[in-house]
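Please read the structure below before turning to the comments.
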Amino acid sequence: MLVFCYTPAKGKLMPVSPELVRFGVFELDLNTGELRRNGRKLKLQEQPFRVLNLLLQEPGQAVARDKLKESLWPADTFVDFDHSLNAAIAKLRQALGDSAENPRFIETLARRGYRFIAPVEFVGSSNGNVVQPDITPNGVHRENGTERGFATIAVAVPGKKRIGFVVAISAAVVLALLLLVVWSRQGKQPANTELVELTDGTGLTADPAISAEGKLVAYASDRGSHGNLNIWIQQLGPGGSAVQLTHDDVDASEPTFSPDGTKIAFRSKKDGGGIYLIPVIGGEPSRLTQSGRSPRFSPDGHWIAYWSGGSDAVVPTVRGAGAIYIVASAGGEPKRLGMDLSTAGNPVWSPDGKHLLVYVSPKEGYAWDTADWWLVALDGSPSTRTSDFSALKTQGFSLGFDRIPRLSQWSNDFITFSAGFGDAVNAWRAPVSPDGRISGPAERLTSGTTLEISPTLSANGELFFASLNRNTAVWSLAADPDQAKVRGEPKKITEGVTEILPSISADGRKLAFTAAYTRDHGGIGRVGFGPVASLREPIALPQEAAQLQTQVRDLDTGKEATVSSGAVPQWHPQISRDGTMVAYTSGKPGQLYAAPVSGGSPRMILGGANFMTWDWSLDKSRLLFSSADDIHSLDLQSGRDKLFLNKPGISLFQQKIFA
């Protein structure tokens, strides 16, 4: 491990015609347009590559956003520049493993542009030249007479290979790169941490679990199979090889060790799905329940808690679609807990084995103020709300439909979880009281730019987690509706980092969708590596980084336009059948807006509750929308709405008008 600060190196020039640019473990080949890490080629799209090339031309210097705009897009190009540039920067940082909050390579200069801050070596036909940013010997950058302190940490782990995995998931097709890694807490400072990759080979690897004695790790992986997940187990330490435990042609995932380390419980989709048990030494899995997911052994090993219902979401997202159960690990009839909760999932045992901490979804649609972790007693006592989400929100955490804090572990006086903070999703832990209430500031355990999820702390202080690099785009697939057959291959339509919830006009020429992008922010989070009790200052709150906006794309010309800009989130757009109007939800609580696709100011058509639009009538005189358990029809001329359907306790989705 090496900790270093940069010192000035003036007068060193870039070769006239460089062929390679080297920085850290990366190498950019300007002839082939390839970015390599330790000699291994990385996937980088054209726009992020061009941004990197421009920044490397002026290392240590500020490159204005306007200059990037002029270089990347011709003057007559019709494009949402801010959205496109932010997306390119986000993809570039993902490829480099860089962070906007703690940059090692690309620094954001708020409202101005970006700067490449790492030493750069240009290699041409002559010897390479090194260009370093203007940094004082104590590691402070001088800018306009002021000093701003920072340092860079490089971590070297001999004998380990970096590996990537790609998988297509969800209706929008998500490209994921997932790594299983371990972080050793050998001291109180970031410089004393060691990052080690455990998995090798291609494929998707997820859901790490560590045995009680810390000698074995289990995970779900699709390597060695035909695209489906199976359970694998691997011995930690030098020469530890991976062994495949299940060999089914359907997914097996979410493994968890029994306290004595002899068995693994896991979720499988075999024979309709359920919770299964398998010996650590291998053998035939035995079915324990006929449904369920996220199994967890009780501290004494006598019980397994799990939740059932809903879709493949990691937590229940629809009211009435999740229930908590326990079943004896030796077998028997499952028992439902938390009967006073309408929707619950993702149970985690308390250290004494008398309670479960569970996630309860919002009462109505996207009313995230009502989502929380609840404490459920095994003796049937009333469940109690912890108000932990309120505490996390106060500290600056992001809450939303794709930013739900997810519990992983409750050990001693701390809970471990993954959550969104700013523009990153990392592993965290927080001190809690015996009733599951957060009693102090949460502590960030990881600080990468990918989705770092499923964190578990072992008894000897090692953190195991999965790192997911996810880009979500909108794709099209030609199909024959009369024959119910697919015609041709999928075609990617959008190129951003996160683009979801597509809605298309009847003629297939206009596409509306929700785009999430990262805007510049200058907040820096304080990361504690010692006991939480040692933190004397709260984590500094960054500005909110993730924004949701409504975009409309002309599929004939490829031109895109933002329906409305601003800080208020917009989501779930529905385009009219003739492609001239788009309605969407905006604000908190969700209000309905409508705007012309050709341009113009949006107008609020309904406000005051959590509304979500679903369809336009053919003549654009009515909108079909939902609110809680109701479906309404709104007359746009009179502003009157009419109750169309009511199903108490059931969330209703995807309503369409057939006319």
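The values are calculated or read from the model by the stated rules, or taken from the named source; none is laboratory data. All of these numbers come straight from a predicted model, not from anything done at the bench. Glycine also receives a Cβ, built like all others from the backbone with ideal geometry; neighbour counts cover every protein chain displayed. Accessible surface areas use protein heavy atoms only, side chains included; no ligands, DNA or RNA. Shrake-Rupley method; radii C 1.70, N 1.55, O 1.52, S 1.80 Å.
Miscellaneous remarks
- With a cut-off of 11 Å on the backbone N, no residue of the range 581-603 is near the modelled label site 7 Å out from D507 along Cα-Cβ.
- Rounded to the nearest 0.05, the FRET efficiency derived from the C-beta distance between S621 and E284 at R0 = 56 Å is 0.35.
- 15 Å beta-carbon shell around A328, net charge (K/R +1, D/E -1): +3
- Amide proton proximity set for G322, modelled H, under 5 Å, gap of 5+: A344
- Take each peptide in 352-358, 637-643, count the other Cβ atoms within 10 Å of every residue, and average; sorted highest first, the result is 352-358, 637-643.
- Net charge contributed by nearby residues that have their C-beta within less than 12 Å of L636 (K/R +1, D/E -1): +1
- Computed across the range 385-479, the Kirkwood hydrodynamic radius from all distinct Cα-Cα pairs reaches 14.3 Å.
- Pairwise label distance in nanometres, S439 with E70, each label 7 Å out on the Cα-Cβ vector: 6.0
- If you plug the beta carbon distance of L477 and L645 into 1/(1 + (r/R0)^6) with R0 = 22 Å, you get a FRET efficiency near 0.10.
- With 0.36 nm allotted per residue and the present C-alpha distance subtracted, the D556-N228 stretch has 114.4 nm of extension available.
- Charge dipole (debye, nearest 20) of the range 442-517; +1 at Cβ of Lys and Arg, -1 at Cβ of Asp and Glu: 260
- Theoretical FRET efficiency, 1/(1+(r/R0)^6), r = Cβ-Cβ of F81 and K656, R0 35 Å, to 0.05: 0.50
- Per residue solvent-accessible surface (Å²) - the range 20-119, probe of 1.4 Å: 44
- Environment charge of D619, counting only residues whose C-beta is closer than 12 Å and scoring Lys/Arg +1, Asp/Glu -1: +1
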